[in-house]
Amino acid sequence: MTYRHATVRDDYADLASGAVLHSAPGFPAFPVRLASEMFQRAMELRGGDRATVWDPCCGSGYLLTVIGLLHRRRISAVLASDIDPAAVGLAERNLALLTRSGLMARAAHLAEQAERWGRPSHTAAAEAAHRIAHTLSADGGDVPNAVYQADVFDAARLRRILAERRPDVVITDVPYGEQTSWHGPDGAGGAVGMLDTLGSVLDENAVIAVAVRGRKAPRADRLRTCASFKIGTRTVALLRPQP
């Protein structure tokens, strides 16, 4: 399957994990081009100009931050949640980069590190932070965002955190059992259990785009599969709650 929307191999170096965007051991990044493709396919299915986007297994928040920076004009807000408190802290730092003040603070820190250690990579990252800030301002400015600690299998908790701002699009990359794995008392339910829970808390017009490793697209009783596609080692399923 070829890319339908992200058809041009753009230079995503400014969005590399560990440069401007924060990284940490055990929190893998995600292919930027595939993230863009997932969002655009989900928006094509949903319709409308702007959406609130939620990642319920956000990890570092890298996937959401990249989507927010690439598609600011089509995003009303981004929401992130994860059961791991370390992930929540890292996601808060990354989603702060969806604001001009956060990017300027990051640029200043990188410039200080460049001066202290004499590393050209820090200078380049500081310059990238300024470029990202300029683009973000031109595309509509700060992206409203919120990060929560929540078990993706805990429907009651998810309903509470989504009470004020309902997500239109859910985008997530599930744990593969390599660098990341499922946690919590219901973690054995895996991707299917997660999808069933999402189907119970989302509005019927919401769209879920979930990426898994392998060729088999995940399915769940509470959701109907609208489409699926495979790029590289990942299969992406597009699903909607049953009416």
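The values are calculated or read from the model by the stated rules, or taken from the named source; none is laboratory data. From a predicted model like this one, the values you see are computed outputs, not experimental measurements. Here Cβ is always computed from backbone atoms with ideal geometry, including for glycine, and neighbour counts include all displayed protein chains. These accessible areas exclude ligands, DNA and RNA; they are computed on the full protein's heavy atoms, side chains included. Shrake-Rupley method; radii C 1.70, N 1.55, O 1.52, S 1.80 Å.
Using the structure shown, decide if Arg157 is basic (Lys, Arg), in contact (Cβ under 8 Å) with a residue 60 or more places away in the chain and assigned to a helix (DSSP H, G or I). Answer is no for this residue. For the stretch 231-243, a residue qualifies if it is among the hydroxyl-bearing types (Ser, Thr, Tyr) and assigned to a loop (DSSP other than H, G, I, E, B), and exactly one does: Thr233. State which residue is least open to solvent (accessible area, probe 1.4 Å) when the search covers only the stretch 231-243 and only residues that are in contact with a helix residue (DSSP H, G or I) (Cβ under 9 Å, 6 or more places away or on another chain) and of a type outside the set (A, V, I, L, M). Here the answer is Pro241. If you go through the stretch 206-225 and keep only what is in a loop (DSSP other than H, G, I, E, B) and either open to solvent by 40 Å² or more (accessible area, probe 1.4 Å) or on the phi < 0 side of the Ramachandran plot (or both), you end up with Ala206, Arg215, Lys216, Ala217, Pro218, Arg219, Ala220, Asp221, Arg222.
When the helices (runs of 4 or more DSSP H) confined to the stretch 37-154 are screened for residues that are closer than 26 Å to Gly189 by Cβ and open to solvent by 40 Å² or more (accessible area, probe 1.4 Å), those reaching at least 2 such residues are found at 85-95. Applying the criterion of being among the hydroxyl-bearing types (Ser, Thr, Tyr) and out of contact with any helix residue (DSSP H, G or I) (no Cβ under 9 Å at 6 or more places or on another chain) to the residues of the stretch 44-84, the residue that is nearest to Arg160 (Cα to Cα) is Thr52. The residues of the stretch 155-179 that are open to solvent by less than 10 Å² (accessible area, probe 1.4 Å) and over 30 Å from Asp14 (Cα atoms), listed by number, are Leu158, Leu162. In the stretch 2-27, the residues that are within 30 Å of Gly89 (Cα to Cα) form Cβ pairs under 6 Å with partners that are surrounded by fewer than 19 Cβ atoms within 10 Å (Cβ to Cβ) and among the hydrophobic types (A, V, I, L, M, F, W, C), at six or more places apart or across chains, as follows: Ser17/Ala29. The listed residues are Ser200, Ser228, and the only one of them that is among the small types (Gly, Ala, Ser), outside any strand (DSSP E or B) and either out of contact with any Phe, Trp or Tyr (no Cβ under 7 Å at 6 or more places or on another chain) or open to solvent by less than 10 Å² (accessible area, probe 1.4 Å) (or both) turns out to be Ser200. Determine if the stretch 25-39 includes at least one residue that is closer than 16 Å to Pro167 by Cα and not acidic (Asp, Glu). Checking the stretch 25-39: at least one residue is closer than 16 Å to Pro167 by Cα and not acidic (Asp, Glu). Within the stretch 1-36, take every residue that is polar (S, T, N, Q) and part of a loop (DSSP other than H, G, I, E, B) and give me the one that is modelled with the lowest pLDDT. The extreme case among them is Thr2.
Give me a count of the residues in the stretch 20-36 that are open to solvent by 30 Å² or more (accessible area, probe 1.4 Å) and in contact with a Ser or Thr (Cβ under 8 Å, 6 or more places away or on another chain). The total comes to 6.
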